[in-house]
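Working notes for the structure below.
Just so you know, all these numbers are worked out from the coordinates, no wet-lab data involved. Owing to the predicted nature of the structure, the values given are computational and were not obtained by experimental measurement. Cβ: placed from backbone, ideal geometry, glycine included. Neighbour counts: every protein chain shown.
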Amino acid sequence: MDPFGRLDEWYREAEAAGQPQPEAMALATASPDGMPSVRMVLLKGWDARGLTFFTNRESRKGAELAANPRAALTLHWSTLGRQVRAAGPVSWAARRESLAYWVTRPRESQAAAWASEQSWPIASREELERRYRAILDRFAGRPLPLPPFWGGYRLRPDWVEFWEHRPNRLHHRLLLTRRRGGWREEILQP
Ligand SMILES: Cc1cc2nc3c(=O)[nH]c(=O)nc-3n(C[C@H](O)[C@H](O)[C@H](O)COP(=O)(O)O)c2cc1C
């Protein structure tokens, strides 16, 4: 079995069940010396190559991924009592993929991406808002280009686990591990 088809199915079911923000996932990265950090990001797509999210490449996660290009992620769909976990190497998505997503974002989100040196301190909220307005002025009357420091990443899972709540806490855990040319399937104890 391929985890991506099952992810399609579970994602559609989460949407149909009215799960708020089904695309929100926790993404864990680690510094080269092994200190983990975790934050929410949005899962923006997946296919046989992996799972894609977008961020600032000069952020903390960007720096950690540059030094240690591996990550783990978790999606939790509380309305269905389901969790999906995955981990593996991470690489940059192609520029054309970042561009394709960038142009779908509202102008305000694009301006915020330009204005924010994500994860770095700034003197005040006012300074941030001033920078935001300066970006809107600078690009007035024309589209905001894709920032050179912003784009997609793709996590290519070595394994994916599908967890489902069951009565009596005898939950169901299906682990799919990448094997040459396919996926090994195992049931894990809950
Ligand atoms: C539900 C939710 C979704 C988020 N999605 C994204 C996202 O897709 N990309 C992103 O860069 N930050 C996103 N954020 C903000 C991140 O959690 C985080 O604050 C930011 O990326 C900086 O993380 P870092 O300092 O570890 O790099 C999201 C936050 C929440 C609560």
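The table for this structure:
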{"item": "Residue check, Asp33 more than 13 Å from the ligand (Cβ to nearest atom), within 24 Å of Glu161 (Cβ to Cβ) and surrounded by fewer than 14 Cβ atoms within 10 Å (Cβ to Cβ)", "result": "no"}
{"item": "Qualifying positions in the range 151-181 - under 21 Å from Ser91 (Cα atoms) and either without any contact (Cβ under 8 Å) to a residue 12 or more places away in the chain or surrounded by fewer than 17 Cβ atoms within 10 Å (Cβ to Cβ) (or both)", "result": "Arg156, Asp158, Thr177, Arg178, Arg179, Arg180, Gly181"}
{"item": "Flag if Arg105 is under 17 Å from the mean Cα position of the chain (by Cα), surrounded by 13 or more Cβ atoms within 10 Å (Cβ to Cβ) and over 24 Å from Ser37 (Cα atoms)", "result": "yes"}
{"item": "Scope the range 13-30; condition more than 11 Å from the ligand (Cβ to nearest atom) and surrounded by fewer than 17 Cβ atoms within 10 Å (Cβ to Cβ); matching residues", "result": "Glu13, Glu15, Ala16, Ala17, Gly18"}
{"item": "Sole exception among (1) under 21 Å from Gly151 (Cα atoms); (2) among the hydroxyl-bearing types (Ser, Thr, Tyr); (3) touching a residue at least 40 places away in the same chain (Cβ under 8 Å) for Ser31, by number", "result": "(3)"}
{"item": "Breaking point among (1) within 14 Å of the ligand (Cβ to nearest atom); (2) in a helix (DSSP H, G or I); (3) surrounded by fewer than 14 Cβ atoms within 10 Å (Cβ to Cβ), for Pro121", "result": "(2)"}
